[in-house]
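For reference, the structure discussed in these notes is given below.
Only the coordinates and a few stated rules stand behind these numbers; no lab work does. On a predicted model such as this, the values are computed, not experimentally measured, just so you know. Because the Cβ atoms are built from the backbone with ideal geometry, glycine has one as well, and the counts that use them run over all protein chains shown.
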């Protein structure tokens, strides 16, 4: 039974959702450009499997990672500010929406937001879009190490309130802290059907 992502490996990159190979189950990561999705995937796996760039918008395709037993982790292009050829940037929205709405094996999306910046209107729009398409999702606030310890509790409450959820349901994560990543890892494994 799959109980970790220690053997997760990069599988493929696609720009056309229909060309992504079938899986038994999968979880996708969505969020603004430069919010830390790739770093989060690396933290979940306990090693580097996803390329991390300091330049917003470098993830221009659907990046698929084989988590084992037919399960995928999928890193989607970021929305919002991004640098890249105009035709590519304009295509990211339809690419993301087509992937999310067409994958029958998609079990959950992880909406990644910046803990310090807080939710943006685009994050709210994505949450509404996921809900309206009846796609299960959880919210993970990344880069919590950038939030002052004295402000952490209040900021977590503020972010959770934005999404109308109790603070304890918001995953409060630093990719530099494995302990903080563990609850989200367990949630993803459950969504994939890997844990009972």
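How much FRET efficiency would the formula 1/(1 + (r/R0)^6) give for residue 19 and residue 134, where r is the Cβ-Cβ distance and R0 is 30 Å, rounded to 0.05? Intermediate values should be presented prior to the final figure.
Details: r = 25 Å, r/R0 = 0.82.
My answer for the efficiency is 0.75.
Determine, for each peptide in 32-40, 182-190, the mean count of other beta carbons within 10 angstrom over its residues, then list the peptides with the highest first.
Details: 32-40: 23.8, 182-190: 16.9.
So the order, starting with the most tightly packed, is 32-40, 182-190.
If contacts are Cα pairs under 8 angstrom and at least 6 residues apart, what is the relative contact order of the chain in percent? Intermediate results must be reported in sequence, preceding the final value.
Numbers: 353 pairs, mean separation 49.4, N = 196.
Across the chain, relative contact order equals 25 percent.
Here the Gaussian network model covers the chain, with springs between Cα atoms less than 10 Å apart; of 77, 17, 94, 94 fluctuates the most. Across 109, 43, 12, mean-square fluctuation computed from a Gaussian network of the chain (C-alpha pairs under 10 Å connected) peaks at 12. Of the peptides 136-144, 63-71, 159-167, the ranking by mean beta-carbon count within 10 Å, highest at the top, reads 136-144, 63-71, 159-167.
According to the square roots a ≥ b ≥ c of the eigenvalues of the Cα gyration tensor, what is the shape class of the chain, taking rounded for a/c under 1.5, prolate for a/b larger than b/c otherwise, and oblate for the remainder?
On the way: a/c = 1.42, a/b = 1.15, b/c = 1.24.
Here the chain falls in the rounded category.
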